[in-house]
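Engineer: Take a look at the following structure, please.
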Amino acid sequence: MPMSKTAAATDEIRYGFIGVGMMGQEHIRNVQALPGATVVAVADPESASLAAAQELVGDTVSSYLSTAEMLAKESLDAVVISSPNFTHRSVLEPLWETSLNLLIEKPLCTTVPDCLEVQSAAQHHDGIVWVGLEYRYMPPVQRFLEELAPGEVDGSGSSTGRVRMLSIREHRFPFLEKVGHWNRFSANTGGTLVEKCCHFFDLMRLVIPSKPISVMASGAQDLNHLEEQYPEGTPDILDNAFVIVDFENGARASLDLSMFAEGSAFEQELVAVGDLGKVEVKIPGFMEVSRGRQAELTVGSRGAGWPVTTSLIGTEESVLYVGAHHGASYLEHVDFCDAIRNDTAPLVTVEDGLWSVAMGAAAQIALSERRSVTLAELGLS
Ligand SMILES: NC(=O)c1ccc[n+]([C@@H]2O[C@H](COP(=O)([O-])OP(=O)(O)OC[C@H]3O[C@@H](n4cnc5c(N)ncnc54)[C@H](O)[C@@H]3O)[C@@H](O)[C@H]2O)c1
């Protein structure tokens, strides 16, 4: 079937989905809630996933065990790729032959060489190529970023001024079960610091307008999944780590990850400290949200009297489906559809996907080899 590069402003964006497990179904729910967008078809080689997706979308939506068949039969504007990390590169191959607009789940790929291949193919692609690093879109993260702006050049006008230190903490529950337990092995995910933490490396690059230069890390698999057995063996994924990233402009950022911290008031905490002040945001996980806890933003100044103010951040009114990430995926689809309609550049690019994977891959090497790893070693400079 012919596939359109862009839809006119009044047209519905016709979505197809590749991989409809947990995240694919989350994307479907978002698109169902999104005005001007329609779920047209879903594809997944696992019949149980297809059946679950079909239950969500109803009989009017076609479902396929084969992506090739879906692409051959359906007329689509956009495709969301939510297959396991290690499949992203091969799943993308037939899509480069189309001019479809693509939203690829994070991490872009599991390795830097695979990301570079995708980057090279994407440069010749007619449609939009967008990477699903949607933590940028969490309303509390957006409020945090607004407080720091416009400090991109000299920091003037922002609450922090030029950011010198950024610390990010994620204290959360262990990895969930996935179809075919693919997420239990680093070879399939890229390792925890790629799989999970690419979101945070992406946020570091958003907050600090400079290139990451080198990465130090310490981490281990101390508690989680050690009792599980699969044909491939015992899972080998990290469940805790500290990472430090140095940037070209002299700023530094840290990540503190614990995946056995279910009993946390807040799941993510971001703290930026600069020449003028400090901004902190604390974001509750889904369990605490269900108990009524809201995100908190604290802004403090180094000025006279060292004033500090804290405010609560509720649900963003424009979000019609909140999902598991404070409405971030919904807001991501709003911008993705706007870019399709207006034929504008993606706001979360393949380059963002590449750097977020490279920083995670550098951290994985740093902790296993107990040394500082430069991004130049991985071919990024
Ligand atoms: N952005 C986020 O916050 C977020 C959250 C969770 C997962 N993810 C990402 O979404 C992707 C999927 O994760 P998930 O949690 O939904 O996993 P999942 O195991 O629940 O679902 C993956 C689905 O992909 C299907 N699949 C496997 N190989 C395929 C192929 N070659 N082509 C098409 N489908 C295939 C599986 O049968 C399964 O139904 C991963 O890349 C993951 O990292 C992102």
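Please treat every number below as a calculation from the coordinates, not as lab data. None of these values were measured; they are calculated from a predicted model. Cβ atoms come from the backbone with ideal geometry, glycine included; neighbour counts cover every protein chain shown.
Engineer: Cα centroid distance between region 95-166 and region 317-381, in Å?
Structural biologist: Cα centroid of region 95-166 versus Cα centroid of region 317-381: 4 Å apart.
Engineer: Right, another one. What nm value, rounded to one decimal, do you get for the distance between S75 and S62 when each label is placed 7 Å out toward the C-beta?
Structural biologist: In this crude label model, S75 to S62 measures out at 1.1 nm.
Engineer: Within 10 Å of each residue's Cβ, count the other Cβ atoms and sort T309, T160 from fewest upward. If you can, show how the numbers build up before the last one.
Structural biologist: Details: T309 10, T160 27.
Ascending Cβ contact count within 10 Å gives the list T309, T160.
Engineer: Normalised by the number of residues in region 99-246, what is the relative contact order in percent for Cα pairs under 8 Å and 6+ residues apart? Don't jump to the answer; show the numbers that get you there.
Structural biologist: On the way: 167 pairs, mean separation 30.5, N = 148.
Once divided by the residue count of region 99-246, the mean separation gives 21 percent.
Engineer: Can you tell me the orientation of helix 350-369 relative to the chain, as the angle in degrees between its alpha-carbon axis and the longest Cα principal axis, to the nearest 10?
Structural biologist: 60 degrees
Engineer: Running a GNM on the chain with Cα contacts under 10 Å, which residue among D59, D246, D77 ends up with the highest mean-square fluctuation?
Structural biologist: Of D59, D246, D77, the most mobile in the Gaussian network model is D59.
Engineer: Determine the calculated [θ] at 222 nm for the chain from helices alone, applying -39500 (n - 2.57) to every DSSP H run no shorter than 4 residues and normalising by the residue count; nearest 500 deg cm²/dmol. Walk me through the intermediate numbers first.
Structural biologist: Working: 12 runs with 115 residues, N = 381.
So the helix-based figure for the chain works out to -8500 deg cm²/dmol.
Engineer: Something else: To the nearest 0.05, how large is the calculated FRET efficiency for A376 and D343 if R₀ is 45 Å and r is the Cβ-Cβ distance? Please report the intermediate quantities before stating the final value.
Structural biologist: On the way: r = 35 Å, r/R0 = 0.79.
Once rounded, the FRET efficiency stands at 0.80.
Engineer: By how many degrees, 0 to 90 and rounded to 10, does the Cα axis of helix 139-148 deviate from the longest principal axis of the chain?
Structural biologist: 40 degrees
Engineer: What is the fewest-to-most order of L297, L50, L223, L238 by other Cβ atoms lying within 10 Å of their Cβ?
Structural biologist: Working: L297 21, L50 17, L223 12, L238 24.
So the residues, fewest neighbours to most, are L223, L50, L297, L238.
Engineer: Among T192, T298, which comes first, second and so on when ranked by fewest other beta-carbon atoms within 10 Å? Mind showing how you got there, number by number?
Structural biologist: Details: T192 25, T298 15.
Arranged by neighbour count, lowest to highest, T192, T298 become T298, T192.
Engineer: Starting from the 7 Å offset along Cα-to-Cβ, what nm value, one decimal, do you get for the label separation of L223 and E55?
Structural biologist: That separation, rounded to one decimal, is 3.1 nm.
Engineer: Just to confirm my numbers, what's the Cα centroid distance between region 244-306 and region 175-211 in Å?
Structural biologist: So the two Cα centres are separated by 19 Å.
Engineer: Let me ask something else. Please check: in the Gaussian network model of the chain (C-alpha springs, under 10 Å), which one of A37, A217, A68 has the largest mean-square fluctuation.
Structural biologist: Most flexible of the set in this elastic network: A68.
Engineer: Let me know the charge dipole size of the chain about its Cα centre in debye, to the nearest 20, where only the beta-carbon of Lys, Arg (+1) and Asp, Glu (-1) is charged. Walk me through the numbers on the way to the answer.
Structural biologist: Values: 26 positive and 51 negative charges, 185 e Å.
Taking the Cα centre of the chain as origin, the dipole is about 880 debye.
Engineer: Please report the relative contact order for region 45-112, taking Cα pairs under 8 Å with a sequence separation of at least 6, and give it as a percent rounded to a whole number. Spell out each step's value before the answer.
Structural biologist: Numbers: 49 pairs, mean separation 20.0, N = 68.
In percent, rounded to a whole number, it is 29.
Engineer: Counting only C-alpha contacts under 8 Å and six or more residues apart, can you give the relative contact order of the chain as a whole percent?
Structural biologist: Values: 845 pairs, mean separation 76.7, N = 381.
Reported as a whole number, the value is 20 percent.
Engineer: If you don't mind, another one. Write down Rg/Rh for region 107-209, rounded to two decimals, with Rg from the C-alpha atoms and Rh from the Kirkwood relation over Cα pairs. Display every interim value, and only then the final one.
Structural biologist: Details: Rg = 16.7 Å, Rh = 16.1 Å.
Ratio of gyration radius to Kirkwood radius: 1.03.
Engineer: With point charges of +1 on the Cβ of Lys and Arg and -1 on the Cβ of Asp and Glu, referenced to the Cα centre of the chain, which listed residue (S90, T298, L378) lies farthest in the positive direction of the dipole?
Structural biologist: T298
Engineer: Per residue and in Å³, how big is the convex hull formed by the alpha-carbon atoms of region 1-112? Please report the intermediate quantities before stating the final value.
Structural biologist: Values: hull volume 11.2 nm³, N = 112.
Dividing the Cα hull volume of region 1-112 by its residues yields 100 Å³.
Engineer: Note down the magnitude of the dipole of region 194-233 about its Cα centre, charges +1 on Lys and Arg C-beta and -1 on Asp and Glu C-beta and zero elsewhere, to the nearest 20 debye. The partial results should precede the final answer.
Structural biologist: Numbers: 3 positive and 6 negative charges, 95 e Å.
I would put it at about 460 debye.
Engineer: Sticking with this structure for a sec: Only bridges whose two residues both fall in the chain count here: according to DSSP, what percent of them are antiparallel, nearest 5? Walk me through the numbers before you get to the answer.
Structural biologist: Values: 43 of 71 bridges.
The antiparallel fraction comes to roughly 60 percent.
Engineer: Right, next: Taking K and R as +1 and D and E as -1, what net charge do the other residues with C-beta under 9 Å from the C-beta of T234 add up to?
Structural biologist: Details: positive: R184; negative: E227, E228, E232, D236.
With Lys, Arg at +1 and Asp, Glu at -1, the net is -3.
Engineer: Right, another one. Once you wrap a convex hull around the alpha carbon atoms of the chain, what is its projected area averaged over all directions, in nm²? Before the final figure, lay out each step's value.
Structural biologist: Numbers: hull surface 76.8 nm².
Mean shadow area of the hull around the Cα atoms is 19.2 nm².
Engineer: In a Gaussian network model over the chain where Cα atoms closer than 10 Å are linked, find which of P231, P107, P284 has the largest mean-square fluctuation.
Structural biologist: Largest GNM mean-square fluctuation: P231.
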